[in-house]
Structure formats: C-alpha cells, structure tokens
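Working notes, structure below.
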C-alpha cells in the first residue's frame with residue numbers, strides 16, 4: 001500500500017565533506033552525513049559529531065614569554081624525552097609538551113645572521129637547523145648541551161623551501177634546484193648532489209621503503225602555473241642518478257607524507273579556486289582522494305593525529321583519513337590555526353601544536369586543549385520534494401550523549417535552497433539524550449541542516465549522534 005510518509009536519517013558524520021563541497025556549498029551531492037561547510041568540528045570519533053578542540057598557548061608560548069617571532073618549523077620527532085626544537089626567523093627554540101624554554105643564555109638561541117628559519121633535523125646526537133641569511137642559506141648544529149655552531153655549513157642556495165629528511169646516518173636536504181647529502185659516519189657533505197635545473201625547486205623529501213622520495217616543482221615562482229615531478233632515489237644516496245619518476249603534470253606539490261605503506265601528496269591546480277587536493281602516489285601517477293580550500297600546505301605544516309594526516313590550509317587545521325581503516329577516507333576541518341598567519345604544525349608529544357602570528361606584534365605557540373564553542377556544521381541540500389510534490393517536515397528527533405550542565409547545540413533548518421529559515425531548535429537539557437521537536441506544516445522542496453555550538457559549553461559538549469527528519473508528501 002502506498003504511503004505519503006517519509007523519513008530521513010542524518011548520521012555517519014565521519015564521512016566528512018561532500019565530494020563537491022569545495023566547488024559548491026549548496027550541493028546535493030553526497031550522503032545525508034556529508035557536510036558542505038564546517039568550522040572546527042570533531043568527527044574523528046565515528047559515533048558522533050561534536051565541538052572541535054580549542055587552542056591554548058604553551059607556558060611562555062607568546063610574545064610575553066619566549067615566542068617573539070613566528071615559528072616556521074617544529075621537529076616532529078623529539079630527540080630527547082619531552083624535548084623538541086622549533087625555528088623562527090632568528091631564534092632556535094626548545095619546546096616541551098607544556099612549555100617553551102626561556103632560560104637566558106641558552107634558549108631561545110639567537111642564530112647569528114639568521115633571517116628566515118626553514119627546517120630542523122636530528123641525526124646521531126646532533127640537531128641540524130637550516131636557515132636563510134641575507135645572502136645565502138646555512139646549516140647550524142647543536143650538540144644537545146650548550147654548544148651551537150651557526151655557520152657549520154654556508155653557501156647553500158637562498159631558498160624559500162628547505163625540506164629535510166633523515167635515515168640512519170644520512171641526511172638529505174633541498175635548497176632551490178638542488179638536493180644535498182650529508183653522511184654523519186664520514187662527516188661528508190655534498191651540497192649539490194642532485195641538480196634539477198633552472199626554475200626548479202625541491203618542495204619536499206621523505207624516506208620510505210628503502211628509497212628517498214623527492215617532490216620537485218618546476219616553473220616560474222609566484223602565481224604562475226607549475227609543473228611537478230616526484231622522483232625516487234636510491235636509499236644509499238651515493239649516485240647522482242635518479243631511480244624513477246612520476247609526473248604530477250600541471251600541478252604544484254605542497255608536501256609528501258608516508259603513512260602505512262602509502263605516500264600521500266598535497267598538490268594544487270591553479271586553474272580554479274579550491275583546486276587543492278590530497279591524493280596518494282600510485283605507480284607513476286597520483287590518485288586524488290579529497291579536495292580542500294584555503295591554500296597549499298608545505299612540508300612544515302603536516303603531522304599525524306589519530307591515524308589521520310593533519311595539515312594547515314588558510315589558517316585552519318584539516319584532518320584527512322580515517323581513524324579506523326574500515327571507514328572511508330574523509331576530510332574534515334578540525335580546529336582553528338590560532339592567529340591570522342600560521343607557521344608550523346607538529347605533534348611531537350601526541351597533541352598537535354601550531355605556531356601563529358597576527359602579522360604585527362602578537363605571536364603564539366599553542367596546542368589542542370579542551371573544546372571550542374566556535375564550531376558549526378552544514379549538511380548538503382536534502383531534497384524532500386519532486387515535480388509537483390512538496391514535503392512537509394513535521395518532526396525532528398535528535399539523539400545526543402547524556403548532556404551535562406549548559407551543554408547545547410542549536411539546530412537551524414534552512415528551506416528551499418537555503419532561501420529561508422524554517423526553524424531554530426535548541427538541543428539542550430541536563431541528562432537528556434533524546435530531543436523531539438514538532439514543526440508547523442510548510443511546503444518544502446528541500447532542507448539543509450545547520451548545527452551551531454556557539455551557545456554551547458567549553459566543558460560539557462553536545463555530541464550529536466544522529467538527526468531524524470520525519471514528514472509527509474503533499475501534491476499541489
């Protein structure tokens with residue numbers, strides 16, 4: 001027997017963004033749990049969606065303490081328990097899981113002639129830090145005690161990017177068109193071991209499966225279109241001959257990230273807004289996975305968090321992947337990056353930390369701590385009518401965790417291509433887990449669900465497990 005009743009369940013928020021969200025925030029492409037827009041929401045626990053993490057500055061992690069410039073790179077693997085290092089334009093910083101060192105005379109260490117910090121590597125008991133001066137790029141060393149040698153190596157090409165990677169006793173570093181090699185066992189350095197030619201720049205380097213992976217961008221810098229290649233190079237790094245090549249084509253590579261046997265690649269197509277993609281290397285081609293907006297992250301703006309790749313784009317922290325392998329690879333916008341301009345992103349002690357500045361006098365190094373109320377999520381456009389048939393939305397049922405005091409999320413229902421607001425529902429109530437709302441009958445072609453935690457609580461979150469829309473059809 002035919003019925004004019006309908007019911008739509010919105011759940012599986014772990015699916016992240018709709019595949020078309022980067023092109024159209026009013027798309028209908030995707031499933032009910034897909035998002036077209038989100039601001040600092042946590043979908044990394046598969047059973048629900050909730051508020052994303054807040055950022056809290058480390059002790060002495062602002063301009064009032066030890067951070068008086070933007071930190072451009074943080075060593076993601078600590079060389080000592082609860083100790084890692086970061087570099088800004090002129091200073092080398094020592095960082096713990098809770099604080100930045102301000103010891104006077106040792107850390108922060110002022111780098112002689114330092115003008116722009118680029119990267120850090122640790123190899124065989126020595127920290128190597130790479131930076132630009134006014135005329136070239138240099139490598140400094142630190143012996144993990146009190147001895148610094150800021151001009152251990154000079155005369156590198158002054159470069160915008162200086163990615164580094166290590167394995168056993170070998171260090172590879174890119175600077176402009178060159179890749180240099182250093183063998184700590186023999187104290188031998190070759191600054192120009194590989195030469196990729198004029199107008200080429202090494203974007204990132206990693207070591208994986210007994211070979212080096214090197215991403216190189218070609219073309220004129222700036223807003224001009226690039227062509228890129230990803231090369232493999234023998235793990236011993238003794239030859240000047242590359243092993244193999246994968247052509248990325250008319251793209252620009254941001255970073256490489258090896259994870260669970262897969263090389264992930266962030267890259268950009270300059271031909272349209274939102275042309276940023278995270279994919280993976282498959283033979284001699286890149287298979288795209290998810291697309292995002294905001295900007296192309298660099299080698300200094302990536303880390304691993306809950307089995308997903310965290311990266312920065314447009315001052316925001318994105319998560320790409322799946323916390324459980326059986327779930328789909330998804331993209332979400334997890335947290336804010338802090339102040340207006342972001343620098344380094346890393347998670348050396350498990351909890352992500354981000355460096356940022358307002359571009360003037362404020363600087364900070366902050367980490368995830370607690371929850372933010374600056375969180376929101378918007379669904380795809382969900383059709384509930386077709387042809388001469390409209391839909392009446394009569395009931396909304398929301399399931400949550402058992403809410404704590406002052407926990408709240410507002411559910412706003414947009415109607416008819418978001419041209420009007422149908423209703424605003426407050427999901428709150430101590431110890432409540434099921435929230436039922438009745439709505440007046442209105443002729444609807446479609447709806448869009450907007451979750452907003454602005455009136456919520458930073459201690460007691462409101463976790464949305466699922467939303468059920470109930471209604472009936474009417475023909476006019």
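Some observations on this one:
- Residues that are crowded, with 20+ Cβ neighbours inside 10 Å, within 19 Å of residue 361 (Cα to Cα) and out of contact with any helix residue (DSSP H, G or I) (no Cβ under 6 Å at 6 or more places or on another chain) are absent from the stretch 35-43.
- Considering the stretch 420-462, and only residues there that are within 26 Å of the chain's Cα centre (by Cα) and closer than 30 Å to residue 386 by Cα, the residue that is surrounded by the fewest Cβ atoms within 10 Å (Cβ to Cβ) turns out to be 450.
- Leading residue by the ranking (farthest from the chain's Cα centre (by Cα)) among those in the stretch 92-118 that are part of a strand (DSSP E or B) and without any contact (Cβ under 8 Å) to a residue 24 or more places away in the chain: 110
- The listed residues are 61, 16, 52, and the only one of them that is buried (at least 20 other Cβ atoms within 10 Å of the Cβ) and over 30 Å from residue 85 (Cβ atoms) turns out to be 16.
- Residue 367 being within 30 Å of residue 68 (Cα to Cα), touching a strand residue (DSSP E or B) at 6+ places or on another chain (Cβ under 6 Å) and not in a loop (DSSP other than H, G, I, E, B): yes
- In the stretch 69-118, the residue that is surrounded by the fewest Cβ atoms within 10 Å (Cβ to Cβ) out of those that are modelled with pLDDT of 95 or more and at positive phi is 82.
- Every residue from the stretch 51-74 that is in a loop (DSSP other than H, G, I, E, B) and farther than 30 Å from residue 400 by Cβ: 63, 64, 65, 66, 67, 68, 69, 70, 71, 72
- Subset of the stretch 281-294 (residues that are assigned to a strand (DSSP E or B) and either under 15 Å from the mean Cα position of the chain (by Cα) or surrounded by fewer than 16 Cβ atoms within 10 Å (Cβ to Cβ) (or both)): 282, 285, 287, 288, 289, 290, 291, 292
- Test result for residue 207, within 28 Å of residue 312 (Cα to Cα) and surrounded by fewer than 19 Cβ atoms within 10 Å (Cβ to Cβ): yes
- Criterion applied to 352, 348, 297 was being in the same structural domain as residue 83 (by TED's automatic domain parsing), within 27 Å of residue 232 (Cβ to Cβ) and in contact with a strand residue (DSSP E or B) (Cβ under 8 Å, 6 or more places away or on another chain), and the one residue passing it is 297.
- Considering residues of the stretch 239-263 that are in contact (Cβ under 8 Å) with a residue 12 or more places away in the chain and not in a strand (DSSP E or B) only, the residue farthest from the chain's Cα centre (by Cα): 240
- Some residue of the stretch 328-342 being surrounded by 16 or more Cβ atoms within 10 Å (Cβ to Cβ), assigned by TED's automatic domain parsing to the domain that holds residue 252 and out of contact with any strand residue (DSSP E or B) (no Cβ under 6 Å at 6 or more places or on another chain): yes
- Options 262, 202: the member that is assigned by TED's automatic domain parsing to the domain that holds residue 289, farther than 29 Å from residue 185 by Cα and either out of contact with any strand residue (DSSP E or B) (no Cβ under 6 Å at 6 or more places or on another chain) or at pLDDT 90 or above (or both): 262
- In summary, residue 404 fulfils each of the numbered conditions (1) touching a residue at least 12 places away in the same chain (Cβ under 8 Å); (2) more than 17 Å from residue 28 (Cα to Cα); (3) in a strand (DSSP E or B) with the single exception of condition (3).
- Some residue of the stretch 295-306 being under 15 Å from residue 16 (Cβ atoms) and modelled with pLDDT of 95 or more: yes
The values are calculated or read from the model by the stated rules, or taken from the named source; none is laboratory data. Owing to the predicted nature of the structure, the values given are computational and were not obtained by experimental measurement. All Cβ positions, even for glycine, are placed from backbone atoms using ideal geometry, and neighbour counts span all protein chains on display.
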